[in-house]
């Protein structure tokens, strides 16, 4: 039972907004000790996993490219395009991105988009620019909200697209786990059953994006009538 | 043959450059901590396979001490040096699309040419190649000095700060959890509370358990073996004769709904908050909850309706 103490530490630490790195090490120490490992073994296990997970952090290499492009006006150009596009609304832009993200992930192209690759340099500035066109100048809270929508839309598209691809990690994991129990599954059977949930994700998130558009339009009307009254 | 080691060497080069850039900021009182943090990360990329498991563990502890004591300086995310006049839109978008395009084409090409690159890592290698290519083309087309790319890259990474290695830290925590047997304990708890006669209760325990355990571990991959052993296999597949493929596939997606609702999935939920400069670290998570909860319910319903047809 005490091995669950790490989970409690994580939840408390995140809730109290302590430094997550410290919280994670504390949780690892508590769980490891409760699970009968000595300190040396815990440090070694953590270090081994940290080393094996280095591939997660290589995405940061892209930052010089993004920095270079942003210094030459990438975000400003992305905004310009949106303001020139007729009928472009925040919700429609995000919905279009959601569909593209789901489709590309479904054919295995999970790394062609992402928070560093596409959301910060392209999607978020475009969504912000169209939100400004819809609702007028964005206050900081609304600007943050539009950015949150951009990141959230990328995640939803990725998660509920990638499992349709045959060779993605989670499909191979499921196949491997079930083989241990003597149940042989074909990757194709697993990937085809990811389709109903992918459609549901498109509908649910798409519906929320439509509501976002309506809210932005209402804000814009309120701002306009406020101006004319004044 | 190009292997992942080459990519790590390249990433190490970037972190080392950021470390040196930090050292040069003589007016920054935290420059030693900043330089040490990114320098250690460069060391991890370059020599991680040579310093042993315990050595890597000590490296993580050192990184945590620097971050935990506030010695890692963050640059003010102030007005960046925007070049005027702006570069032509077509040119700038073409460069921006080089990385995704190379990842796309290169991923396929490298998989087709196993002699050229390590096949399993083709996507990551293609991503690194795309970055290099975009950088080279970008510097050329925009007529920029390499210094600008490095300075801007350092500034952006500095703004991300220690959040840059949270995903790696959380993955490592998951490994310790697994070693200590957290999964078995959680599985035992769940088995203890659900009645074994109700199909609906079993489906809910499996779907909600996948989501909850994913939220705790930050990763549906860690939750799947546990929930399959605790509920999926003994109840849904063995007792109720459910279709294993459907139970696996949609159960995993119930877990993905959980991924949308947890700060533990740092690379999806915390990293964008930092990258986009959000004031609320959990802003992305809160935005996703109203999408995730209906999807979780739908996934449970799909398992219930689809997996147990006679």
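Here, each number is a calculation from the coordinates, and none is a lab measurement. None of these values were measured; they are calculated from a predicted model. Quick reminder, even Gly has a Cβ in these numbers, built from the backbone with ideal geometry, and neighbours come from all protein chains shown.
How far apart, in nm, are two points set 7 Å out from the Cα along the Cα-to-Cβ line at residue B:197 and at residue B:184?
Each label point is offset 7 Å from its Cα along the Cβ direction, giving 3.1 nm.
Calculate the mean, over all residues of peptide B:213-222, of how many other protein chain Cβ atoms lie within 10 angstrom of the residue's Cβ.
For this peptide, the per-residue mean of nearby foreign Cβ atoms is 2.
Using a Gaussian network model on chain A with a 10 Å cutoff between Cα atoms, which of A:114, A:36, A:67 fluctuates the most?
Result: A:36 has the largest fluctuation of those listed.
Sort B:239, B:27, A:163, A:144 so the one with the fewest other Cβ atoms within 10 Å of its own Cβ comes first.
B:27, B:239, A:144, A:163
Name the most mobile residue of B:191, B:26, B:155, meaning the one with the largest mean-square fluctuation, in a Gaussian network model of chain B with Cα contacts below 10 Å.
The residue that fluctuates most here is B:26.
Mean separation of Cα pairs under 8 Å and 6+ residues apart, divided by the residue count of region B:181-306: what relative contact order is that in percent?
28 percent
Please build a GNM for chain B, connecting alpha carbons under 10 Å apart, and tell me which residue among B:17, B:113, B:42 fluctuates the most.
Comparing B:17, B:113, B:42 in a Gaussian network model of chain B, the most mobile one is B:113.
Could you estimate the translational diffusion coefficient of region B:4-164 from the Stokes-Einstein equation, with Rh from the Kirkwood formula over C-alpha pairs, at 37 °C and 0.692 mPa s, in whole µm²/s?
In µm²/s, the coefficient rounds to 187.
On a C-alpha basis, how far is the centre of region A:115-143 from the centre of region A:40-64 in Å? Whole number, if you could?
32 Å
Per-residue Cβ counts within 10 Å, from other chains only, averaged over A:152-161: what number is that?
The mean count of partner-chain Cβ atoms within 10 Å per residue comes to 6.
Determine the calculated [θ] at 222 nm for the protein assembly as shown from helices alone, applying -39500 (n - 2.57) to every DSSP H run no shorter than 4 residues and normalising by the residue count; nearest 500 deg cm²/dmol.
Value at 222 nm, helices only, nearest 500: -23000 deg cm²/dmol.
Normalised by the residues of region A:59-224, what does the relative contact order come to in percent, with Cα pairs under 8 Å and at least six apart?
About 30 percent, as a whole number.
Please determine, in degrees from 0 to 90 and to the nearest 10, the orientation of helix A:169-180 with respect to the longest principal axis defined by the Cα atoms of chain A, where the helix direction is its Cα long axis.
Roughly 30 degrees, rounded to the nearest 10.
How much length is gained if the chain between residue B:239 and residue B:65 is pulled fully straight, taking 0.36 nm per residue apart and subtracting their Cα-Cα distance, in nm to one decimal?
So the extension gain works out to 57.6 nm.
Starting from the 7 Å offset along Cα-to-Cβ, what nm value, one decimal, do you get for the label separation of residue B:94 and residue B:309?
Here the answer is 5.2 nm between the modelled labels.
Under a point spin-label approximation (7 Å from Cα along Cα-to-Cβ), what is the residue B:101-residue B:115 distance to one decimal in nm?
With each label placed 7 Å out from Cα toward Cβ, I get 2.8 nm.
To make sure I understand, if each residue's beta carbon is the centre and we count other beta carbons within 10 Å, what order do A:165, B:240, B:213 fall in, fewest to most?
B:240, A:165, B:213
Place the peptides B:170-178, A:147-155, B:60-68 in order of packing, highest mean first, counting for every residue the other Cβ atoms within 10 Å and averaging per peptide.
A:147-155, B:170-178, B:60-68
How big is the protein assembly as shown by the Kirkwood estimate over distinct Cα pairs, in Å?
24.2 Å
Ranked highest first by average number of other Cβ atoms within 10 Å, how do A:214-222, B:92-100 line up?
With the highest mean Cβ count within 10 Å placed first, the list reads B:92-100, A:214-222.
Inside 10 Å of the C-beta atoms of A:192-200, what's the mean count of C-beta atoms belonging to other chains?
Across the residues of A:192-200, the mean count of other-chain Cβ atoms within 10 Å is 6.
Counting alpha carbon pairs within less than 8 Å and at least 6 residues apart, what relative contact order, in whole percent, applies to chain B?
It rounds to 14 percent for chain B.
Calculate how steeply helix B:98-112 sits against the longest principal axis of the alpha-carbon atoms of chain B, using the helix alpha-carbon long axis, and give the answer as 0 to 90 degrees to the nearest 10.
60 degrees
What is the angle, in °, between the Cα long axis of helix B:52-68 and the longest principal axis of the Cα atoms in chain B? Nearest 10 is fine, range 0 to 90.
Around 70 degrees separate the two axes.
Calculate, in nm to one decimal, what residue A:38 and residue A:222 gain on full extension: separation in residues at 0.36 nm each, minus their alpha carbon distance.
59.9 nm
Between region B:159-207 and region A:74-113, what is the separation of their alpha carbon centroids in Å?
34 Å
For region A:27-139, what number results from the quotient of the Cα radius of gyration and 2.2 N^0.38 Å?
1.58
Kindly state, to the nearest 0.05, the FRET efficiency for residue A:12 paired with residue B:293, given R0 = 30 Å and r defined as their beta-carbon distance.
0.80
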